[in-house]
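The values are calculated or read from the model by the stated rules, or taken from the named source; none is laboratory data. Keep in mind it's a predicted model, so treat the numbers as computed, not measured. Cβ placement follows ideal geometry from the backbone for every residue including glycine, while neighbour counts extend to all protein chains displayed. Side chains are part of the model used for accessible areas, which takes the heavy atoms of the whole protein and leaves out ligands, DNA and RNA. Shrake-Rupley method; radii C 1.70, N 1.55, O 1.52, S 1.80 Å.
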Amino acid sequence: MCYSTALRKEREKVEQRLLNQSGVKIETPNEYNPYFHLNGFTHGNLYIIKMDEHDKIYPASWGLIPDWASHNSVEFRKKSNTLNARSESIFEKASFKNSANEKRCLILGDGFYEPHHENGIALPYFCFQPTEEFPEGDLFLFAGLYNELDEELTATILTVEANDFFSEVHNKKKRMPLVLDDSVLEDWFDDGMNQSQINELMAFGFSTKKFKAHQVSRDLYKKGVNTNRPDIVEKVTKQTLF
């Protein structure tokens, strides 16, 4: 599963990277705040590109709230964890099925955290896509779903069965967030796709770019510790690199 993400790049870097692809710009630039670690259970803002507005980036509270729960979203979130949506069941779950058909989104990130278990202990690992320009992690796009209640956007990150690499990293539950390959981004927004085509895209659309992962401080799991700081993504030992 994916309950912690990073988006460390400043607004100008994000827009520059995405402008080269599809002319995307941040809709509310004064509200954009990069982060080294976002804990999903705080329901802070992810940054998303909506299915019906391909050229704008909006903040969206992490944890999708469906229409039928809009009257009491606080209670819904106490009872339901919608930070992630399992790709295999999005058309079966009441919380996700409407969004799966009509409100798919792309979610910006340049890293995320997964637990790696050794001798019964969970060790946090930072996962990223290094490139020559961004050796500490390039920008990528999660597959997501969103919903809009009045003027508030909420979103969830899709997960799939882990590939060989992430089976080593997330070695207990063996899941991974669905980071989409550049070649399927337009298809993800195609409102003419049927359920079977969407399922196929989720099954085979994972990024072909290589990921790396290294262990980071276990402070990530400590209550009351500020984890949104630059050093949180630093590897704690050279021997723990996948």
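Odds and ends about this structure:
- For the residues 177, 66, 29, a GNM of the chain with alpha-carbon springs under 10 Å puts the largest fluctuation on 29.
- Estimated vicinal HN-Hα couplings, Hz - segment 224-232 in sequence order (Karplus 6.51, -1.76, 1.60; Gly, Pro = x): x, 9, 6, 9, 8, 9, x, 6, 5
- Cα lying deepest toward the dipole's positive end in the chain, options 227, 131, 194, charges on Cβ: 227
- Relative contact order [Cα under 8 Å, 6+ residues apart], segment 123-190, whole percent: 24 percent
- Note on residue 200 and residue 231: the extension gain reaches 7.3 nm, defined as 0.36 nm multiplied by sequence separation minus the Cα-Cα distance.
- Protection proxy ranking for 57-63, 201-207, using the average of other Cβ atoms within 10 Å per residue and placing the highest first: 57-63, 201-207.
- At R0 = 25 Å, FRET efficiency that the Cβ-Cβ distance of residue 171 and residue 41 yields, to 0.05: 0.65
- Förster radius 41 Å - calculated FRET efficiency between residue 74 and residue 221 (Cβ-Cβ, nearest 0.05): 0.95
- Taking amide H as placed 1.01 Å from N in the peptide plane, residue 153 has its amide H under 5 Å from the amide H of 61, each at least 5 places away in sequence or on another chain.
- Residue 80 long-range amide H proximity, modeled H, under 5 Å: none
- Accessible surface of segment 1-138, 1.4 Å probe, proportion on carbon and sulfur as whole %: 46 percent
- Fraction of alpha-carbon pairs over 23 Å apart in segment 108-242 - percent: 42 percent
- Residue-by-residue Karplus 3J(HN,Hα) for segment 210-217, coefficients 6.51, -1.76, 1.60, Hz, glycine and proline x: 6, 9, 10, 8, 9, 5, 10, 4
- Phi-derived couplings, Karplus 6.51 cos²θ - 1.76 cosθ + 1.60 at θ = phi - 60°, listed residue by residue for segment 169-183: 6, 8, 7, 9, 8, 6, 10, 8, x, 7, 8, 7, 6, 4, 6 Hz, with x used for Gly and Pro.
- Projecting the Cα atoms of 162, 54, 71 onto the charge dipole of segment 47-188 (Cβ charges, centred on the Cα centre) puts 71 farthest toward the positive pole.
- Charge dipole (Cα centre; +1 on Lys/Arg Cβ, -1 on Asp/Glu Cβ; no other charges) of the chain amounts to roughly 1180 debye.
- With contacts taken as Cα pairs under 8 Å and at least 6 residues apart, segment 65-219 reaches a relative contact order of 25 percent.
- Listed peptides 47-55, 220-228, 112-120 by packing density, highest first (mean Cβ within 10 Å): 47-55, 112-120, 220-228
- Short-range pairs are left out: with C-alpha atoms under 8 Å and at least six residues apart, the relative contact order of segment 19-141 is 18 percent.
- Highest mean packing first, where packing is the average number of other Cβ atoms within 10 Å per residue, the peptides 38-44, 68-74 line up as 38-44, 68-74.
- Residues whose amide H falls under 5 Å from that of residue 51, counting only those 5 or more places apart or on a different chain, are 104, with hydrogens built in the peptide plane.
- Rounded accessible area per residue of the chain, 1.4 Å, Å²: 50 Å²
- Local charge for residue 90 was computed over the other residues whose Cβ lies under 13 Å away, with Lys and Arg +1 and Asp and Glu -1, and equals +2.
- Centroid-to-centroid separation of segment 188-223 and segment 88-121 [C-alpha atoms, Å]: 8 Å
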